[in-house]
1. Putting +1 on Lys and Arg Cβ atoms and -1 on Asp and Glu Cβ atoms, find which of 162, 80, 14 reaches farthest to the positive end of the dipole of the chain.
2. Can you order the peptides 77-84, 21-28 by their average number of other Cβ atoms within 10 Å per residue, highest first?
3. Just grab the label-to-label distance for residue 150 and residue 16, each label 7 Å out from Cα along the Cβ direction, in nm (one decimal).
4. Find how much the distance from residue 142 to residue 179 grows on full extension, using 0.36 nm per residue of separation minus their present alpha carbon separation; answer in nm with one decimal.
5. Roughly how many percent of the accessible protein surface of region 1-127 is carbon and sulfur, given a 1.4 Å probe and a whole-percent answer?
6. Apply 1/(1 + (r/R0)^6) to the Cβ-Cβ distance of residue 108 and residue 167, taking R0 = 22 Å, and write down the FRET efficiency to the nearest 0.05.
7. For the chain, calculate the relative contact order in percent as a whole number, restricting contacts to Cα pairs under 8 Å that are 6 or more residues apart.
8. What is the calculated FRET efficiency for residue 51 to residue 71, with r their C-beta to C-beta distance and R₀ = 30 Å, to the nearest 0.05?
Amino acid sequence: HSQTHTEEAVVAATLQNNAFLRAAEARWRALQKQPDIARSMPDPTLTYGHWLRGVETRVGAMDNPVSLSQKFPAPGKRKLAASKAEKEARMALWEYQTLARTLIRRARLAWQDRLRVQEIRTVLDEELKVLRSLERTALARYESGKAQQQDVIKVQLAATGITNRLHGLRQQEDTANSQLNAL
């Protein structure tokens, strides 16, 4: 049960701290607002001009002209833009959810790899202890003339093989830890 709790904590930390996931979520949240913006009318424009010297036109003097204008989009254009924005927001949500599922799967796999390596290391550490004990016994028997040198060498070779496997497992554990840190 503590293993599952820890695995869940790793998954939660991955979802909370992953910069790519946060960026995907921010993109999705920003795109959610776009349909409302696309449905709205463009902002009106207020223009004010100031002349250093009065300008004389055919209709009279112009001192400080002020104008207000409003654009009116073609019929259906805002609805089409809103529909497109809704689709983009939905796509961003799907991308966000897909990335989240991928990160969860990768975090669980890296965590399981790490646990598997740790369990194998525990077993091999115990085997190595037994082999070291057998090596001491074989060495003592060889020194007393009750065993042959090949008996000692066989035990030493087995211990060396386990030591090499342990080294490889440490590298695998480092890789799993690096994957978890990267996530």
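1. Checked the options; the winner is 80.
2. So the order, starting with the most tightly packed, is 21-28, 77-84.
3. If labels sit at residue 150 and residue 16, their model points lie 6.1 nm apart.
4. Length gained, residue 142 through residue 179: 8.6 nm.
5. Ligands and nucleic acids excluded, carbon and sulfur give 57 percent.
6. 0.25
7. 26 percent
8. The calculated FRET efficiency here is 0.70.
The values are calculated or read from the model by the stated rules, or taken from the named source; none is laboratory data. Here the structure is a predicted model, which means the values were calculated and not measured. Neighbour counts run over all protein chains shown; Cβ positions are idealised from the backbone, glycine included. Remember, those area values only see protein heavy atoms, side chains included, never the ligands or the DNA or RNA. Shrake-Rupley method; radii C 1.70, N 1.55, O 1.52, S 1.80 Å.
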